[in-house]
Each structure stands twice: as structure tokens, then as C-alpha cells.
2 protein chains.
Amino acid sequence: MNADVRVCFVGDSFVAGVGDPLLLGWAGRLGQRAIADGVGLTAYNLGVRRQTSADVLNRFVSECEQRLLAGTDARVVLSFGVNDATHENGQPRVDPEGSATNLTKLLGAAAERGWPVLLVGPCPVDDPEHNARTAELDERFAAIGAAADVPYVRVHEALLASALWMREVRAGDGAHPGAAGYDVLAELVLPHWREWLSR
Amino acid sequence: MNADVRVCFVGDSFVAGVGDPLLLGWAGRLGQRAIADGVGLTAYNLGVRRQTSADVLNRFVSECEQRLLAGTDARVVLSFGVNDATHENGQPRVDPEGSATNLTKLLGAAAERGWPVLLVGPCPVDDPEHNARTAELDERFAAIGAAADVPYVRVHEALLASALWMREVRAGDGAHPGAAGYDVLAELVLPHWREWLSR
């Protein structure tokens, strides 16, 4: 059971672990825990800085198909949204309708190929107005996950309430935490990750 | 200087760090060292299991273009060859001429886009005949690197002589080491990596 599990973590700079001097991010930390739990895991980190849901959708199938070979227990973890909610010229880079449509398309593409998905919600940054927009996306994404029967891990509120997360974000580039912040995020996702891998 | 360096590590399962319970591999270890040295590094690990030079060539430009944005110090580390030299039905998966051609095409594609390249040679596995074929590729690749004025880091002989590397490979799946083996490999590459980043 779980002898050859291949997981693509697909998303933005938070998935990539930007700001973490250990270069693990929350995805690497979850991967380490799975290995320690005895899962035969190969983890591919496909987080890319600045990417919105539209950018992720553009490369999702081609990059995952390179890595998720037939005959393996092939899975996907998806996480994005902060860049969608970034304002440029007074407008979000992707409007909430567009973000919702992109998520729905991503879930459809994964389902077509038989890849189970775990969704992880977007994180807060050091900008209350940005966070308010991200929180709205979080609500939408949670509803889309529920409707598709895909587990959705909410982290936004908990991280906003985490003095450690917010302190590291402010001490960093205003968006990304350091190693301790990624520890906090990984711990929030860990029980859901374990449950999902056990299915 | 080196304020926004983005490096794609592109190659096979050794690049991906298969076998390492820390999920860092040699690429992650080099990345950590660069961060500790004060380099503003974003590292993208694009190692994929089972991939030959032909597979890497197929996805090289599309995956790197997603990550190596204009205005950054965008670079590529390439490493492959072990899977090229794997015999299937008595033939290598990619013959040496094909491997050489693929490497030349990869260097051309990187040069066209202004991405400096660091080449890291292929590793030994627990199979002397396979290693003999890989060692021949290593020679060819070194010559191609020299002709293109691209630094090429040879690791094959040193790892073959490393009792630690070979013991971990045998204790593992016959091809990949564990954490300590990747430490050894990272130390071999480290001075070249540092020199290359300082250019």
C-alpha cells in the first residue's frame, strides 16, 4: 500500500517555498513526514513565483503528465490564489469569477486523468486589503472543493491569527514567511495530507 | 549582486533527489548553501524519474520559460545520462550519439535565451556494465561542455570510489543513495557551483 506514490505540488511561490532558507517550504515538510510515515513518496514541487490560477492552468497537464506515470499512485496537491487577488492598476490580476473557473477546470483535468486532488487554500500576506480579497477567494474555492468532493484545507484564518506567520512575513518580503512560518503551515495541512494519502 | 537569481535544476531522478528522506537531493543541498552564502536564490527542481536526455530536451524550454523570468539572473543546471545508458532489450535507451546530440541541442537552446548553464555529470549505480556505458557518456559530455565553454562537473569516478555512495546505492534501490550519499555528491559540486554563481 502506497508503495509508489507520486505527488505533484502545483501552484505559486508559497508552494515553491520562497523565503525558506531550507528550500523545503510546506510541501517539502509534508513530504518528509510522509517518508517518515513509511509512504513510498516521490514529490515533485511545481510551485512557480508570481503565478495565478490562469498560469497554473496553462501548464498543469503538460508538467504533471511528465511526472505522473501510469502504474503509479499518481496525485496532485493544488494551491494558489494570492497572486489572483493581487491588484494591478486597481484590478485583481484574475477576477474572482476567473479564479473559480480556473479551479473548476483544473479539477476537471485532474479527474479526467484519475489524479486525486488535495486543495490547500491561499495564505495571508502583510496587506489587509489584499487579504480581504484572498479570504473571499478562499470561500469560493472551499465551495468548489466541497461540490467536487475534493478535500480543501483552509489555512488563511489560522495563519492570519498566527503571530509567528505574520511576524515572519513582515520581516521578509511582505508576502512570504521563513522556515518557522512554513513549519506552522505544514502542521495545519499535515492531518489532511495524512488522511488523503491513506485513501 | 546576485540579488534575484533563479536556477532551474533540470534532469533525472538524481536531480529530483530520489532516495533522500530529506527530499533535498544534491540540488537542494547546493541551494541551501547558496542561501547561506547570501545569494538571493530561487531554486526550481525539475528532475524527473526515468527521464533520458531526449525526455529532458522535450520539456526543457517550456518548463524553464515558465520559471526564468526576464529581469532576473536566470540560470540552468543540467544533469542526466544514467537513463540514456540503461539497456532495454539489449540496447541503450538513447545511444551515445543521440545523447550527445541532445546535450548539444540543450546547450544551444539555453544559449539562445541567455541562460548560463552548469553541467553535472551522471552518477554510478550498482551495475558495473551500466557504469562503464555511463562513464563513456561522461567523457563525451565533458568534451561537449569544454567545446561550448560550459563548466562540466565530473562526479562519476569520485562516486564510484566513494564507499559511502556505493553502500547507500546498494542498500537502496540499486541506483539512488540516501541522505549521506547526496551530501557527498553535493560537496563534489559545491566549489564549481559557487564559482559559477559568482560569475
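From the square roots a ≥ b ≥ c of the eigenvalues of the alpha-carbon gyration tensor of segment A:113-199, which class results: rounded (a/c under 1.5), prolate (a/b over b/c), or oblate?
It comes out oblate by the Cα gyration axes.
How would you classify segment B:1-80 from its alpha-carbon gyration tensor, with a ≥ b ≥ c the square roots of the eigenvalues: rounded for a/c under 1.5, else prolate if a/b is greater than b/c, otherwise oblate?
Taking the square roots of the gyration eigenvalues as a ≥ b ≥ c, segment B:1-80 is oblate.
Give me the one-decimal Kirkwood hydrodynamic radius in Å for segment A:37-187, with the sum taken over alpha-carbon pairs.
Taking the inverse mean of 1/r over all distinct Cα pairs, segment A:37-187 comes out at 16.2 Å.
Over segment A:25-69, with a single point scatterer placed on each C-alpha, what log10 of the ratio I(q)/I(0) does the Debye formula yield at q = 0.24 1/Å?
-0.92
Give the percent of DSSP beta bridges with both residues in chain A that are antiparallel, rounded to the nearest 5.
Just about 10 percent of them are antiparallel.
Give me, ordered by chain and number, the residues 5 or more places off A:Tyr44 or on other chains with an amide H under 5 Å from its own placed amide H.
Hits under the 5 Å cutoff: A:Val7, A:Cys8, A:Phe9.
If a/c stays under 1.5 just call it rounded; otherwise compare a/b with b/c (prolate if a/b is bigger, oblate if not). Do that for segment B:69-144, with a ≥ b ≥ c from the square roots of the Cα gyration tensor eigenvalues.
Here segment B:69-144 falls in the prolate category.
Quick one: the Cα spread of the protein assembly as shown along its three principal axes, in angstroms, biggest first?
59, 49, 32
With a sphere of radius 11 Å drawn around the Cβ of A:Phe141, what net charge do the other residues whose Cβ falls strictly inside it have (Lys, Arg +1; Asp, Glu -1)?
-2
Expressed as a rounded percentage, what relative contact order does chain A have, with Cα pairs under 8 Å and six or more residues apart?
23 percent
At B:Arg194, with labels set 7 Å past Cα in the Cβ direction, how many nm apart are the copies from this one, shortest first?
Distances between equivalent label points, in nm: 4.1.
For segment A:1-64 and segment A:127-171, write down the distance between their C-alpha centroids in whole Å.
18 Å
Kindly provide the trypsin sites (Lys or Arg not before Pro) of segment A:31-86 that DSSP labels as loop, not H, G, I, E or B, and whose Cβ sees at most 15 other Cβ atoms within 10 Å.
A:Arg50
Before I look further, what does chain A give for accessible area per residue, probe 1.4 Å, in whole square angstrom?
For chain A, the per-residue accessible area is 40 Å².
The values are calculated or read from the model by the stated rules, or taken from the named source; none is laboratory data. Computed from a predicted structure; not experimentally measured. A quick note on method: Cβ atoms are made from the backbone with ideal geometry, for glycine too, and the neighbour counts reach across all protein chains shown. Each accessible area value is taken on the protein alone, full model and side chains, heavy atoms only, with ligands, DNA and RNA left out. Shrake-Rupley method; radii C 1.70, N 1.55, O 1.52, S 1.80 Å.
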